[in-house]
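Novice: Right, I'll just put the structure down here and ask away after.
The values are calculated or read from the model by the stated rules, or taken from the named source; none is laboratory data. Everything numeric here is computed off the predicted structure, so don't read it as measured data. So basically every Cβ, Gly included, is an ideal-geometry build from the backbone, and we count neighbours across all protein chains shown. These area figures cover heavy atoms from the full protein model, side chains too; ligands, DNA and RNA do not enter into them. Shrake-Rupley method; radii C 1.70, N 1.55, O 1.52, S 1.80 Å.
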Amino acid sequence: MNIHESEKIAGVLEKLGYSPCDSEQKADVLVYNTCCIRETAEFKIHGHIGEAKILKQQNPNLIVVVCGCMSQQSGVAQNLKRRFPFVDVILGTSNLDLLEQAIVNAQNEKSTVNVEEKNNVLVNLPKVRTSRPNAWVNIIYGCNNFCTYCIVPYVRGREHSRPQQDVLNEVKELVSLGYKEITLLGQNVNSYGNDLKDGTNFSTLLNQVAKIEGDFRIRYLTNHPKDLTDDVIEAIANNAKICNSIHLPVQSGSSAILKAMNRKYDRDDYLKLVSKLRKAIPDIGISTDIMVGFPGETDQDFLDTLDLVQKARFSSAFCFIYSRRKGTVADKMEQIPRSVKGERIKRLLEVQNVITKEISKEMEGTLQRVLVEGKNKKYVNTYCGRTENGRLVNIKSDVDLFDQFVWVKIKNYQSATLWGEIVKED
Ligand code: SAH
Ligand code: SF4
């Protein structure tokens, strides 16, 4: 989501005649696209904005912009302006449409602070895409779920979907430009269409996108287990273009913690969903997000998480230490010690690493269609790409494979990364 927003920021800057440069020292405009989902991201960005002060002293014409969800938090824009008075532009998550004017104002030494919430993020901003062969496409903005740990609903507003035709037009254009992977984006893609009231929902959208002609893959991020319907599972199973891979954040394996998180499913619901997915789409890769150290998480709750991880057999898991976020319900709950959280994340990662390796081993000898994403900078003449079910594969090749589908036989693996040999170009 943030990467795609940065692509829009770059699009606006390009429209104004700017082009990317390779160091902050050479820049005419510096944009910090912030994230406040966890404390660590916030600390880092404060450090970076602090450094901009020196750059501004060296180049008084430098324009410094702060946008993204951190600036949208209540009272933060004013605090930022006070702490970093040299910042020229501060915009909230729904004010990117003002960026162009704000930069022009800054060129004329007039600063802009606007974090007023509004529902117009549907405006089609220009984009400089940076992740070919993949292209990101927003389908729904905001979130209505209010998981008790999460700041997103406070900084990205309520759910609002893009009209289906808008999405289809964008995908068609991207496919005609040669993009081979389209990733549909939303905090909860499964809520797509709820607010449109025109009969469209996520499964109708998936089916329509899959009808677009051309050789491309469809991915989508992120799914909420409480809203993943049978129609969507059917759409994934029935459409060859939709990848057999799904990101399905579980957050915890303890029903009591899931309840306290306001996730609206329990561990059995989740495990049943995993079985249903595996039955409908046998080779599906399931990845997840897991958090440890949520307030009140007991040793037993944590063991339940480890047990769920063993049962669900995720091909990968993004594991996070719970981070207190001001204004959320969980922030007011009794917190657990940092050392306990540190211990738990270590154990969780160990358990998941073993599973990741086992799944890699199971893939040895299989034939996989890989979309090559780029060169592997660590090894010579080596490209890397992804299988349909989401695993990274390194491939040795003397010829340039970037942006191509290739058929690969998996020869061996290092933990999460597979090594493959080209069987034939597509
Ligand atoms: N909308 C998506 C994910 C949004 S944030 C969803 O519902 O799954 C991405 C991940 O960050 C979440 O899945 C969660 O695991 C993690 N996260 C969110 N808030 C967090 C917090 N306060 N502390 C630690 N991790 C958090
Ligand atoms: Fe945050 Fe929950 Fe919304 Fe995801 S669904 S963005 S975790 S509130």
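Novice: Can you list which of the GluC sites (Glu not before Pro) found in the range 280-371 are DSSP loop residues with at most 14 other C-beta atoms within 10 Å?
Specialist: E334, E364
Novice: Extension gain D166-I212, at 0.36 nm per residue separation less the Cα-Cα distance, in nm?
Specialist: Difference between extended and current length: 15.2 nm.
Novice: Mind ranking 140-146, 179-185 by how tightly packed they are, going by the mean number of other C-beta atoms within 10 angstrom, highest first?
Specialist: Sorting 140-146, 179-185 by mean packing, highest first, produces 179-185, 140-146.
Novice: Within the range 239-372, what whole-number % of the accessible surface is contributed by carbon and sulfur, with the 1.4 Å probe and all protein chains included in the calculation?
Specialist: Carbon plus sulfur share of accessible area: 55 percent.
Novice: For every other residue with a beta carbon closer than 13 angstrom to the beta carbon of N119, add +1 if it is Lys or Arg and -1 if Asp or Glu, then tell me the sum.
Specialist: Net local charge, N119 excluded: -1.
Novice: Here's another thing I want to ask about it. Local charge sum around R158 (other residues, Cβ-Cβ under 10 Å, Lys/Arg +1, Asp/Glu -1)?
Specialist: Local charge sum for R158: -2.
Novice: Another question, if that's okay. Say the dipole of the chain comes from +1 at the beta carbon of Lys and Arg and -1 at that of Asp and Glu; which of G92, V340, Y149 then lies farthest toward its positive end?
Specialist: Value: V340.
Novice: Under unit Cβ charges (Lys, Arg +1; Asp, Glu -1), what dipole magnitude, rounded to 20 debye, does the range 2-114 have relative to its Cα centre?
Specialist: About 380 debye.
Novice: Per residue, how large is the accessible surface of the chain? Use a 1.4 angstrom probe and give square angstrom.
Specialist: 46 Å²
Novice: What does the net charge come to around S255 if you take all other residues with beta carbon closer than 15 Å to its beta carbon, with K and R at +1 and D and E at -1?
Specialist: Within the 15 Å Cβ shell, the charges total 0.
Novice: Cut-off 13 Å, label point 7 angstrom out along Cα-to-Cβ of L16: give me the residues of the range 26-50 whose amide nitrogen falls inside.
Specialist: 28-32
Novice: Report the relative contact order of the chain, percent, no decimals, based on alpha-carbon pairs under 8 angstrom and at least 6 residues apart.
Specialist: Rounded, it is 10 percent for the chain.
Novice: Binning at 10 angstrom from zero up to the longest distance, how are the C-alpha pair distances of the chain distributed in percent?
Specialist: Calculated P(r), rounded to whole percents: 4, 19, 28, 29, 17, 3, 0.
Novice: Pairs of lysine in the range 131-243 with Cα under 13 Å and at least 8 positions apart or on different chains: total?
Specialist: Taking the Cα cut-off of 13 Å, the pair count is 4.
Novice: Apply the Karplus curve 6.51 cos²θ - 1.76 cosθ + 1.60, θ = phi - 60°, to the phi angles in the range 283-290 and return the couplings in whole Hz, x for Gly and Pro.
Specialist: 9, 5, x, 10, 10, 8, 10, 9
Novice: From the square roots a ≥ b ≥ c of the eigenvalues of the alpha-carbon gyration tensor of the range 236-340, which class results: rounded (a/c under 1.5), prolate (a/b over b/c), or oblate?
Specialist: prolate
Novice: Also, I was wondering about something else. Using the alpha-carbon centroid of each, what span in Å lies between the range 129-202 and the range 299-347?
Specialist: Spelled out, the Cα-based centre of one part sits 28 Å from the other.
Novice: Ok, one more. If you place +1 on the Cβ of every Lys and Arg and -1 on the Cβ of every Asp and Glu, how big does the dipole about the Cα centre of the chain come out, in debye to the nearest 20?
Specialist: 700 debye
Novice: Another question, if that's okay. Using a simple charge model, +1 on the beta-carbon of Lys and Arg, -1 on the beta-carbon of Asp and Glu, nothing else, what dipole does the range 367-425 show about its Cα centre, in debye to the nearest 20?
Specialist: Roughly 240 debye, rounded to the nearest 20.
Novice: Among all cysteines in the chain, which have no other cysteine Cβ under 4.7 Å from their own Cβ?
Specialist: Here C21, C35, C36, C67, C69, C143, C243, C319, C384 come out as lacking a disulfide-compatible partner, given the Cβ-Cβ threshold of under 4.7 Å.
Novice: Among rounded, prolate and oblate, which fits the range 367-425 when a ≥ b ≥ c are the square roots of the eigenvalues of its C-alpha gyration tensor, a/c under 1.5 means rounded, and a/b larger than b/c means prolate?
Specialist: Rounded shape, in that the Cα axes give a/c under 1.5.
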